[in-house]
Amino acid sequence: MRVLIVDDSKSIRMLVAECILTLGHEVIHRESGIDAIECIKEKSVDLIMMDVEMPGMNGFETTQKIREINGDDWFPIIFLTTKVDDDSYTKGILAGGDAYMEKPISPLRLQLQITAMERIYKTRQKLKQTQNNLLAANKKLLHLSMFDQLTGLANRRNFDETLDRQFKLAKREKIPMSVVLCDIDFFKIYNDSYGHQKGDQCLADVSLILSRACARPTDLACRYGGEEFIFILPNTDLQSAAVFAEKVRAAVAALKIAHAGSKVADCVTLSLGVATYQGQFKSAEEVTKAADDALYRAKEKGRNRVEKA
């Protein structure tokens with residue numbers, strides 16, 4: 001444990017420190033309540049042993065301030081004092097203290113008190129670890145609920161929520177927002193020819209290119225379903241979105257993933273449809289529908305190309 005000793009008497013501090021160090025714990029010394037508060041702001045401690053009667057801020061006042069600063073981050077505070085009457089005891093407990101040790105201090109009782117506090121410390125450490133594990137599990141669950149496991153891209157739920165948010169922002173701020181819908185050409189034939197394992201690897205490889213294409217933190221690449229992917233490009237006009245889409249198409253073609261069954265190339269390619277909200281659509285769904293219509297035209301015109309709405 002890291003134990004903070006607060007006492008204006010150097011001899012008391014040395015006596016308490018010696019007993020604590022013998023048990024293998026770390027010790028920090030402070031001479032006043034104000035110094036103790038500054039220490040708490042800078043360092044974490046597991047136990048405080050504090051004199052009640054000190055110049056300036058006394059032990060009760062210091063304890064109240066420490067409890068205010070640390071909030072729910074609780075650790076035990078033991079008062080060292082000659083005053084053990086009921087009134088003093090009541091004030092100390094109500095101020096946020098947890099126990100009393102009467103001066104002059106008995107080294108044996110002090111060490112036994114530290115041993116008892118160590119049990120509390122170990123329980124707190126286990127609780128913190130449990131809390132950390134729970135936070136990590138919740139974070140993992142949140143990620144799983146918002147991202148596609150195979151590709152690592154945002155999933156359909158993530159897309160729907162982000163599109164709705166970005167559409168409302170674009171409408172309010174009167175700025176453009178583009179959507180790029182893309183489809184791997186003849187992917188069913190690829191799956192049938194090379195098998196589902198190769199098909200999954202193809203999806204993962206293409207997804208990596210799509211993810212890298214998102215240069216801005218606000219851009220989002222999503223797996224829309226099956227071999228379909230979709231981008232949300234906030235504050236992007238139609239021409240810029242079309243340039244973006246062409247770069248994505250070229251990058252995927254540059255992977256040179258063999259596709260003997262393709263009718264447009266000897267490698268895996270993308271067809272892409274681009275649509276941009278510039279005040280003309282009433283809903284986010286209409287932007288997506290416009291991108292889907294543009295994608296349909298790209299396929300009709302021979303695939304492996306970009307078409308604008």
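All of the numbers you see were taken from the coordinates with simple rules; none came from a lab. Being a predicted model, the structure only gives us computed values, none of them experimental. Cβ coordinates were reconstructed from backbone atoms using ideal geometry, including for glycine residues, and neighbour counts include every protein chain displayed.
Structure notes:
- Extension gain from GLU173 to ASN133, taking 0.36 nm per residue of separation minus the Cα-Cα distance: 10.3 nm
- Which of MET54, MET49, MET14 has the fewest Cβ neighbours within 10 Å, and the rest in rising order: MET14, MET54, MET49
- Overall size of the chain from C-alpha positions, given as principal axis extents largest first: 94, 45, 26 Å.
- Stretching LEU23 away from MET101 to a fully extended chain increases their span by 26.3 nm, per 0.36 nm per residue minus the current alpha-carbon distance.
- Counted by neighbouring Cβ atoms within 10 Å, the residues LEU220, LEU295, LEU23, LEU142 run from fewest to most as LEU142, LEU23, LEU220, LEU295.
- Net +/- balance of residues flanking GLY96 in space, Cβ distance below 15 Å, scoring K and R +1, D and E -1: -2
- Within the chain, percent of DSSP bridges classed antiparallel, to nearest 5: 50
- For the chain, the mean residue ellipticity at 222 nm estimated from helices alone is -17500 deg cm²/dmol, where every DSSP H run of n ≥ 4 contributes -39500 (n - 2.57) and the total is divided by all residues, rounded to the nearest 500.
- Of LYS91/LYS122; LYS256/LYS301; LYS139/LYS282; LYS41/LYS139; LYS140/LYS289; LYS263/LYS289, those spanning more than 24 Å from alpha-carbon to alpha-carbon: LYS91/LYS122; LYS139/LYS282; LYS41/LYS139; LYS140/LYS289; LYS263/LYS289
- Over the chain, relative contact order from alpha-carbon pairs under 8 Å, at least 6 apart, %: 13
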